[in-house]
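The values are calculated or read from the model by the stated rules, or taken from the named source; none is laboratory data. Predicted, not measured: the structure shown is a model, and the values here were computed from it. Cβ placement follows ideal geometry from the backbone for every residue including glycine, while neighbour counts extend to all protein chains displayed.
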């Protein structure tokens, strides 16, 4: 096994809205290199993880110097991944995450990523970005060029080239080939971290409502994974592992249930509906008006969540965070 650990003097993406959703969590960007596209027979040869580190970013890489070292790689890599709460990837929901989990299953090991929230930047760009159809495709390098980031990439090889170079390295142990392979992966990580700035050109409130977001209360962290708004009920659910027992809370205007076996929770918040307007009574819910007073959807103690076809994602997400924090505080007693 060959492990690298480097710090780059480059700030991780930050903005007022981005930090509202992700500033309380341990963030990471991850990417893997494999010998092929099918996890049934192909193996993972390199796992990379980028995390914020002070005012810069830390890049760790776990490299198998032969395919026989995949087991050791997976053990070290998944341990590093477990140190994060939110993981950003590029097409990770469809490729990296299922690939890692299938390789773990081959070795009779439990799946990874269960304790973190996955934010697939490719899916965000495809569904929510102002990029629209401007780039000819949404391959990572194409998006980099479209955002003016192409000059920042020093690696010029394709993913398929890295596989060929890997087998050449296994045969020759050439330090130069090793550096080419590592550079390809580290550039993917660094460039993806830079692509996160596109969130500033998008409706991050809408993105967060669809991808989910973490909520912290004291030392505990909940991951909101699903939000649904009906005409009479706002329902949201997520992951929370701080309780060793099942729990249902009835003595609030909203209801929360927690299942220990699945480490999951679900909250149902009553809504009001008049014609095409769906809203909540903040005072009835015990929410502080002052926290929502600056929202354009607020008025006289009421908070609009949807009007006609227009969703008020920001106020809705803020309410979800507020109620989740209240519930976590009750659990912590």
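For segment 228-261, taking the residues that are in a loop (DSSP other than H, G, I, E, B), in contact with a helix residue (DSSP H, G or I) (Cβ under 8 Å, 6 or more places away or on another chain) and at pLDDT 85 or above, the one that is surrounded by the fewest Cβ atoms within 10 Å (Cβ to Cβ) is identified as 253. Got at least one residue in segment 122-138 being in contact (Cβ under 8 Å) with a residue 40 or more places away in the chain and closer than 21 Å to residue 60 by Cβ? No - not one qualifying residue is present in segment 122-138. Given the conditions (1) modelled with pLDDT under 95; (2) touching a helix residue (DSSP H, G or I) at 6+ places or on another chain (Cβ under 8 Å); (3) surrounded by fewer than 17 Cβ atoms within 10 Å (Cβ to Cβ), report the number of the one that residue 39 does not fulfil. It fails just one condition, (3).
Can you name the number of the only condition in (1) modelled with pLDDT of 90 or more; (2) within 23 Å of residue 126 (Cβ to Cβ) that residue 199 fails? Checking residue 199 against (1) modelled with pLDDT of 90 or more; (2) within 23 Å of residue 126 (Cβ to Cβ), the one that fails is (1). Only a single item in (1) farther than 26 Å from residue 138 by Cα; (2) assigned to a loop (DSSP other than H, G, I, E, B); (3) out of contact with any strand residue (DSSP E or B) (no Cβ under 8 Å at 6 or more places or on another chain) is not met by residue 36, and it is number (1).
Residue by residue, here is whether (1) within 27 Å of residue 324 (Cβ to Cβ); (2) surrounded by 22 or more Cβ atoms within 10 Å (Cβ to Cβ); (3) touching a helix residue (DSSP H, G or I) at 6+ places or on another chain (Cβ under 6 Å) holds:
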residue	(1), (2), (3)
138	no, no, yes
155	no, no, yes
168	no, no, yes
193	no, yes, no
208	yes, yes, yes
213	yes, yes, yes
217	yes, no, yes
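The single condition from (1) in contact with a strand residue (DSSP E or B) (Cβ under 6 Å, 6 or more places away or on another chain); (2) at pLDDT 90 or above that residue 207 fails is (1).
Residue by residue through segment 170-186, note down the ones that are surrounded by fewer than 21 Cβ atoms within 10 Å (Cβ to Cβ) and on the phi < 0 side of the Ramachandran plot. Within segment 170-186, 170, 171, 172, 174, 175, 176, 177, 178, 179, 180, 183 meet the criteria. Residues that are buried (at least 19 other Cβ atoms within 10 Å of the Cβ) and in a strand (DSSP E or B) within segment 52-93 comprise 57, 59, 60, 61, 62, 63, 86, 87, 88, 89, listed in sequence order.
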